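The values are calculated or read from the model by the stated rules, or taken from the named source; none is laboratory data. Since this is a predicted model, take the numbers as computed values, not measurements. So basically every Cβ, Gly included, is an ideal-geometry build from the backbone, and we count neighbours across all protein chains shown. Note: accessible area is taken over every heavy atom of the protein model, side chains too, but ligands, DNA and RNA are not part of it. Shrake-Rupley method; radii C 1.70, N 1.55, O 1.52, S 1.80 Å.
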Amino acid sequence: MNPEISYYVFAIIAVILAGLAKGGFAGVGALAMPVMALGVDPVRGAAILLPILILQDAVSVWVYRRSWDGAILKVMLPGAAIGILLAHAGSPPFQMWVLPKRLPRDMLVGTTALAFAAMTWMKMPAYAALGQFTRANLMATAMLVPVAVVSTLAGVALVRRVDPARFYTLIYGLMVLLGIKLVADALMA
């Protein structure tokens with residue numbers, strides 16, 4: 001396959017996965033960067049995805065702006081800042097602490113949206129320091145913006161169609177699959 005075509009195929013799939021996650025299907029987004037890395041250098045791929053994630057976060061925060069738990073954010077964000085600084089951590093510690101609280105579906109998604117929006121912004125200085133926000137990378141980002149917005153809104157629509165009682169079962173299932181994938185990746189390395 002032509003390398004440029006292959007890049008766009010993987011980039012579009014990665015943005016769709018990230019959009020579904022930002023729309024409320026936590027866990028799916030963890031697959032976005034590995035998929036993106038199939039089509040482009042991982043550092044460049046992350047630099048292309050980061051502004052897209054910010055846009056997707058903005059869409060999610062707007063949609064869920066009335067449904068979030070400030071007490072959780074007050075506790076989680078300082079730890080998230082330390083985790084991002086030391087080990088680029090974010091999703092697994094957040095999910096492990098928040099999911100057992102069994103928040104109402106929209107409150108869980110809204111709290112997650114705000115937390116991940118803050119965490120994504122915390123990563124910006126590192127990528128800027130690496131010089132990764134080049135014209136070429138930003139142009140690649142711009143071409144993916146329509147897919148980013150549509151996929152995030154699709155994630156929101158899908159989450160709202162899932163029965164709230166089954167939502168947690170689905171999220172836990174996605175987290176188990178993600179855990180299996182991470183363990184398999186570690187064993188292969």
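What is the ratio of the Cα radius of gyration of region 35-89 to 2.2 N^0.38 Å, with N the residue count, to two decimals? Walk me through the intermediate numbers first.
Numbers: Rg = 14.5 Å, N = 55, 2.2 N^0.38 = 10.1 Å.
The value comes to 1.43.
Please say if region 75-164 is rounded, prolate or oblate, where rounded means a/c under 1.5 for a ≥ b ≥ c the square roots of the C-alpha gyration tensor eigenvalues, and otherwise the choice is prolate for a/b larger than b/c and oblate otherwise?
Numbers: a/c = 3.55, a/b = 1.23, b/c = 2.89.
It comes out oblate by the Cα gyration axes.
When the accessible area of the chain is split by element with a 1.4 Å probe, what percent falls to carbon and sulfur? Walk me through the numbers on the way to the answer.
Values: 7270 of 9950 Å².
That fraction is 73 percent.
Counting only heavy atoms of the protein chains, get the accessible area per residue of the chain (1.4 Å probe) and round it to a whole Å² value. Could the numbers behind the result be given before it?
On the way: 9950 Å² over 189 residues.
Heavy-atom SASA per residue in the chain reads 53 Å².
Compute the relative contact order of region 47-147 as a whole-number percentage, counting only Cα pairs closer than 8 Å that sit 6 or more residues apart in sequence. Mind showing how you got there, number by number?
On the way: 83 pairs, mean separation 48.5, N = 101.
Answer for region 47-147 is 48 percent.
Treating only the Cβ atoms of Lys and Arg (+1) and Asp and Glu (-1) as charged, compute the dipole magnitude of the chain about its Cα centre; round to the nearest 20 debye.
The calculated dipole for the chain is roughly 480 debye.
Pulled fully out, how much extra length does the chain show between L77 and M188, if you take 0.36 nm times their separation in residues and subtract their Cα-Cα distance?
Values: separation 111, 0.36 × 111 = 39.96 nm, distance 3.24 nm.
Between L77 and M188, full extension yields an extra 36.7 nm.
Treating region 109-148 as a set of equal point scatterers at the Cα positions, no solvent, please give the Debye-formula log₁₀ I(q)/I(0) at q = 0.24, 0.26, 0.29 Å⁻¹.
-0.90, -0.92, -0.92
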